[in-house]
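All of the numbers you see were taken from the coordinates with simple rules; none came from a lab. Quick caveat: nothing in here was measured; it's all calculated off a predicted structure. Glycine also receives a Cβ, built like all others from the backbone with ideal geometry; neighbour counts cover every protein chain displayed.
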Amino acid sequence: MATRTRIFSFVLMMMMSFTVLLSSCSAKVYKVGDSEGWTAKDDVYYAWAESDHKEFHVGDFLVFEYNPSINDVTHVSGSLEYEFCDYSSPKTVYNTGHDVVTLTEPGFHYFITSNQTQCVLGQKLEVLVIHDPSSPVPPPTLSKILPVGNTYKVGDSKGWTNIYDSDFYNKWSEEKQFHVGDSLIFEYANEVNDVYEISGDLEFITCDPTSPVAVHKTGHDLVRLTEPGVHYFITSQSGYCEAGLKLRVMVKPEPKAVTYPNFPKKVDLSAMERLNNWLKNFKHQPHH
């Protein structure tokens, strides 16, 4: 009977904790375009963002649903890139067909498709994200608190290319020590046109690009290593990954800063001694 009571109490406690968690979570999920999804529709996304008095807050989520064979979601950095459908230097590219984007910072956020024709036809979204003062202030993003580490050009002079050597990038990685805060630069052109960051060893071994963590395709991609652990990068180019165009890096935690004893500044002891001697002599002299 006592065991049953303890189990019931535990279940009740878990249910209460879950209820409190749900009630404290104020983040909202918005499916972009509602039933229309993410597609080419003139002014539909401007109207969608303005309708129903939507307010986007830090911590909310945008869900983009679309056909990934003809589309993607390209998060660009400014209004000019947004206006001119310029996807050449994106902040992030998503292309799973069901992308969940967390709004982590206040300010204007701009999303377009890299399908130039459809972007010009109106497939782009601008949202203003505000910070809700009633909510706790989110922790600073890693890019603001991480130290500036080393920058490595992947493949050195060869860059990110298909060299038909299945062990080249493995050897390149093993010769180095990567830490949180370091950065990788992927440079490529011509036949290679992307870098896929993927989540696990199985996807890496089988060259599976279907569920990437992030996609880069500017030809000069800077990737910051923000977390310790194993990071995996491949190309989606058919046959190239299988031939060896893939990279696995082991990232160590941020190196601890070296502290040195706080030695006192150099003092002219002879001058101090002369002053002390003068004071002592002055005190012992007879005064009239």
Q. Regarding region 151-252, what are the three Cα extents along the principal axes, ordered largest first, in Å?
A. 31, 29, 25
Q) Given charges of +1 on the Cβ of Lys and Arg and -1 on the Cβ of Asp and Glu, with all other atoms neutral, how large is the dipole of region 151-252 about its Cα centre, in debye to the nearest 20? A) 240
**Q.** Nitroxide proxy distance, nm - points 7 Å out along Cα→Cβ at ASN193 and HIS220
**A.** 2.0
Q: Provide the packing ranking of 40-46, 124-130, i.e. peptides ordered by the mean count of other C-beta atoms within 10 Å per residue, highest first.
A: 124-130, 40-46
Q) At a Förster distance of 22 Å, what's the computed FRET efficiency of HIS179 paired with VAL230, Cβ-Cβ distance as r, to 0.05? A) 0.95
Q: Please list 94-100, 165-171 highest first by mean number of surrounding beta-carbon atoms within 10 Å per residue.
A: 94-100, 165-171
Q. Could you give the nm distance between label points at THR210 and LYS171, where each point is 7 Å from its Cα heading toward the beta carbon?
A. 3.4
Q: Please give the length that would be gained between LEU80 and SER51 if that part of the chain were fully extended, namely 0.36 nm times their separation in residues minus their C-alpha to C-alpha distance (nm, one decimal).
A: 8.0 nm
**Q.** Candidate aspartates and glutamates for bridging to LYS176, where Cα separation is under 18 Å - those fewer than 8 sequence places away on the same chain excluded
**A.** ASP156, ASP167, GLU227, GLU254
